[in-house]
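See below for the structure under consideration.
The values are calculated or read from the model by the stated rules, or taken from the named source; none is laboratory data. Remember, it's a predicted structure, so these values are computed and weren't measured experimentally. Heads up, the Cβs are rebuilt from the backbone with ideal geometry, glycines too, and the neighbour counts pull from every protein chain shown. Side chains are part of the model used for accessible areas, which takes the heavy atoms of the whole protein and leaves out ligands, DNA and RNA. Shrake-Rupley method; radii C 1.70, N 1.55, O 1.52, S 1.80 Å.
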Amino acid sequence: MSRPAQGSRRPLSMRLVGRGSGAVNVRADEPDGETWYSSGTLLRIGVLVAVIAPLCVLALVLAVRIGPHFAAGSDNAVNELRLRDIGAHPVLLGPYARDGWSHPGPAMYYLLVVGYRLTGSTSIGMYLTALVINGGSIAGILALSRRFGGNSLFVVNGLGMAVLIHHLGPQFLSDPWNPYLAVLPYGAFLFCCWAAVCRARWMIPLVVGLASFCVQTHIGCLPLTLPVIGWSGAAILYQIVRDRRPPPRTELLTAAIVGGLMWLPPVIQQLTARRGNLSALWSYFRHPKQPIHSVTQGYEMVAHSFSLDAEWWHPHRWGALAGVVPQPPTVVPVVLVAFAAASILIVRRGPVAARALVGAITVSIASAILTIWRMPGPLNDYRFGWLPMLAVMTASGVVWFVLDSGSAANPRTKTSAGPDLRIAALMIGIAGVAIQNISEARAVRLESSTAAGADVVPTLLSRARDALPVATRTDHRDFHRGLQRSQVVRSGGGPLARGARL
């Protein structure tokens, strides 16, 4: 291996090779001799443009064609009411769910309100902000893929994200409804945990922040995130003890501050309200009013998502809210079997980044089965938006393992200096899916509430609010729950949200 010129910065794969470090060739696909794609700049620009371009087109369609005439309805109208409370009343809880409790915290509201106010407090601002959150999550996944997996993982995950965008559809990606809004940030959380295990300790505060956002936005993310945090924490502790290095005190202190600030609102509500929401959540999940499911059901749903019959292989739109997911038949989880076979080889002789990715995906799959097993109530499709994302990420990992099998087995192996047909084929696939995604983004339609009664509903709401007892008016959770149960918001949510300040 030639010695780098003095004053030049050595590549990461050279900087992380050392005795006892345990970090061997994190980016094994980038030898010293650059190939047509290993320089990275043109490749990265092409992949990012192909993946992000449909989201940019979607943002233009939302802002220019749909925005001026759009009014949110249903649950998003209630979300808009909560956004209008920020700055006028304390917003301490997440979206109202069922059975007398809300999702744990208001993190989604404090993110959505930024774009909402910048767009003049219009309904479309929520959808544009949701699109920015999802686009930022995808960009973060790709950036971490490049940083710790090299160009090959970057391109493979670029194709995976393009396929996922095609599967979820533009309505899902721009919808600020909380079961949808937590899906792609959960994917970014997984990659941040992976990066932290790859010795990027500065990712620890991001792990805490993303996990807090996902759990506060949708309580179903709690059993998805805790096992992964436990695994990454154990892996980092093992590295510290083995290498006899001091713990990352600055990163841990920053993570504690981030977690404390994010969980301060629900803690305040718990300590000051007549009935704390955290206590209600604990009581509900400790003694659920609806039956929970079996481990077999959890495995069968996960196995179906990893089979060749899974929805994300086909032009299906997730989140159609068709009702309860039918019990899938027993299928062969081809992607899961391929991942298990590749993992055996990677764990034995692969680089640190590949082994860490195997660990993150394995724990995530086990957490998915646990989540479905302990989930009370019907298995509605909207509660499992993270399943296709997890399957796509697993399939991308398998492709990366196969693509980089040679360099993983021998970190010093140099690739040939000509065009790599495997990378070229992946780029063609990304371009093809991106073109279809752009076409779908141009034809997007959003479900809007009717504009009828836009001048009447705010007046009626104002009079009704003035007639309520003071104690009821100040308990905003009860007020919004009453609106939901009375179906006022569902029938006229957009005009109601646009014209009323609570």
Check whether at least one residue in segment 314-329 is modelled with pLDDT of 85 or more, closer than 25 Å to ASP175 by Cα, within 24 Å of the chain's Cα centre (by Cα) and not in a loop (DSSP other than H, G, I, E, B), and report yes or no.
no
Of ALA408, ALA391, the only residue that is surrounded by 23 or more Cβ atoms within 10 Å (Cβ to Cβ), among the hydrophobic types (A, V, I, L, M, F, W, C) and at pLDDT below 80 is ALA408
Among (1) over 21 Å from TRP202 (Cβ atoms); (2) modelled with pLDDT under 90, where does LEU264 come up short?
(2)
Need at least 1 residues that are under 30 Å from VAL331 (Cβ atoms) and in contact with a helix residue (DSSP H, G or I) (Cβ under 6 Å, 6 or more places away or on another chain) per element, so show me which helices (runs of 4 or more DSSP H) inside segment 223-310 make the cut, counting only ones lying wholly within it.
295-305
The condition from (1) polar (S, T, N, Q); (2) open to solvent by less than 60 Å² (accessible area, probe 1.4 Å); (3) at pLDDT below 90 that SER367 misses is numbered (3)
Checked PHE213, PHE189 against criteria (closer than 18 Å to ARG147 by Cβ and either free of Cβ contacts under 8 Å to residues at least 12 places away in the same chain or under 19 Å from the mean Cα position of the chain (by Cα) (or both)); the one match is PHE189
In segment 127-137, the residues that are touching a Gly at 6+ places or on another chain (Cβ under 7 Å) and more than 12 Å from ILE66 (Cβ to Cβ)
THR129, VAL132, SER137
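Only one of GLY105, GLY87, GLY136 is more than 30 Å from ASN437 (Cβ to Cβ), open to solvent by 20 Å² or more (accessible area, probe 1.4 Å) and either over 24 Å from the mean Cα position of the chain (by Cα) or at pLDDT 90 or above (or both); which?
One residue alone meets the criteria, GLY87.
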I need the full set of residues from segment 120-133 which are buried (at least 17 other Cβ atoms within 10 Å of the Cβ) and under 15 Å from LEU83 (Cα atoms), in order please.
THR122, SER123, ILE124, GLY125, MET126, TYR127, LEU128, THR129, ALA130
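So in segment 217-251, with the set limited to residues that are of a type in the set (A, V, I, L, M, F, W, C) and open to solvent by 40 Å² or more (accessible area, probe 1.4 Å), which one is farthest from LEU281 (Cα to Cα)?
My answer is VAL241.
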